[in-house]
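Everything below concerns the one structure shown next.
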Ligand SMILES: Cc1cc2nc3c(=O)[nH]c(=O)nc-3n(C[C@H](O)[C@H](O)[C@H](O)COP(=O)(O)OP(=O)(O)OC[C@H]3O[C@@H](n4cnc5c(N)ncnc54)[C@H](O)[C@@H]3O)c2cc1C
């Protein structure tokens, strides 16, 4: 069996590594020229880490070694908009997340898919299916302009199955489900990495700060380095493009950030800054048709408030490869089982993430009171 994967992000690379372990040939088409230069970091939670361990225990150990996990007894905090503590928790080792640079995770996933063919600078355009094969039309950067004009040159690949792991604005999904683009949430997220001494307990253990119409998050990424994210109410495309200007805007007094967050923003390494208009969708009832399916953000794009996007993509990769391996002669059946195993919990994560985002930033005093009360009950002494 030959699998064609569109998108060499986290989901596509994790799937390639998992298919390799199940002896299934695959080729990955990624539109970017490389994935080493992707910035910022992300947090792997116990569910995503467990999926990685099932995929390959050596990969799991390498991720744990390359990432950062809180030392024993270090509390993590939930703060209100003024920086006052709502709750404080010490997580036991099995529940501790691992924070890792995105480029490092890409590198490790890639190093575990040595037999997969990776084609960078290759953009998916459309596909066709007949009874047994999928034909995929792509345009390659290195073919562009070869004919002397600037018409894109296309090429066609064939495979037994096609997996759209092409992220939030998935073109495979557009053709497969024809259900429009993910909807803007009216929120902008700014993520970055900063060098900061961990003298402060909030920086040492990390925190989430729930403000009115805004939120901040910080996780230690190594000794004296933090990964941070702030989310503010701002429509798609309305935030400035220039990074210094973004930093200056975020530091304006109108936001009312406590000193802790201001210091974090001021210490930003601007080469790592990523600005994203947040989008999500309602959960789809199906992701697959015949020999074509979706994985990761293409299947279930979600807001970042639970930090579950990557983790859900890793869970998808683990299940999808196993289903393909046990139904090699019937990909449609494999995809039906994959969808049944993954759809409800991924769609639930989308809903929970949206709810947590709403409750975290609400101005409604009753919702805030209820939220803080349940968070205080979760406090670990
Ligand atoms: C800065 C940042 C921090 C994040 N932090 C977290 C976190 O802490 N925890 C968490 O769980 N999630 C986090 N997320 C969300 C997480 O990154 C995504 O949910 C996750 O990457 C999904 O993986 P994916 O493979 O589905 O999509 P992606 O990783 O986005 O990969 C999709 C790939 O497809 C390629 N592509 C797109 N269109 C085409 C095409 N037509 N042809 C070929 N290739 C194409 C893209 O170039 C991209 O490389 C974060 C997101 C960002 C931006």
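Nothing in this text is a laboratory measurement; each read-out follows from the coordinates by a stated rule. Please read all numbers here as calculations on a predicted model, not as lab measurements. Glycine gets a Cβ as well: all are built from the backbone with ideal geometry, and neighbour counts include every protein chain shown.
For the reader, a short list of remarks on this structure follows.
- Per residue, the average separation of C-alpha pairs within less than 8 Å and at least 6 apart gives the stretch 39-186 a relative contact order of 17 percent.
- Extension reserve of the residue 285-residue 129 stretch, reckoned as 0.36 nm per residue once the Cα distance is removed: 54.0 nm
- Sites residue 197 and residue 275 - FRET efficiency at Förster radius 25 Å, r taken between beta-carbons, to 0.05: 0.45
- The gain in end-to-end length when the residue 58 to residue 362 segment is fully stretched comes to 105.2 nm, 0.36 nm per residue minus the alpha carbon separation.
- Distance between the 7 Å Cα→Cβ label points at residue 244 and residue 224: 2.6 nm.
- Quotient of Cα Rg and 2.2 N^0.38 Å for the chain, N being how many residues it contains: 1.01
- Estimated Rh, the stretch 73-215: Kirkwood, alpha-carbon pairs, angstrom: 20.5
- Those residues of the stretch 40-66 whose amide nitrogen sits under 19 Å from the label point placed on residue 114, 7 Å along Cα→Cβ: 55-63
- For the chain, the mean residue ellipticity at 222 nm estimated from helices alone is -11000 deg cm²/dmol, where every DSSP H run of n ≥ 4 contributes -39500 (n - 2.57) and the total is divided by all residues, rounded to the nearest 500.
- With Cα atoms as the point set, the radius of gyration and Dmax of the stretch 1-58 evaluate to 12.7, 36 Å.
- Estimated distance in nm for a label pair at residue 373 and residue 33, the labels positioned 7 Å out from Cα along Cα-to-Cβ: 5.7
- Calculated P(r) tail over 28 Å for the stretch 234-381, as whole % of Cα pairs: 42
- Rg [Å, one decimal], Dmax [Å, integer] - the stretch 266-335, C-alpha atoms: 16.3, 56
- The stretch 1-121: antiparallel DSSP beta bridges as a percent of all, rounded to 5: 50
- Tail beyond 15 Å, pair distance distribution of the stretch 288-368 (Cα, percent): 59
- Rg over Rh [alpha-carbon atoms, Kirkwood Rh] for the stretch 1-111: 1.07
- The value of relative contact order for the stretch 206-260, using C-alpha pairs under 8 Å at least six residues apart, is 21 percent.
- In the stretch 234-304, the alpha-carbon atoms span a convex hull of 140 Å³ per residue.
- Put simply, the Cα atoms of the stretch 331-381 extend 50, 29, 11 Å along their principal axes, the longest span coming first.
- Distance (nanometres) between label positions extended 7 Å along Cα→Cβ at residue 178 and residue 25: 3.3
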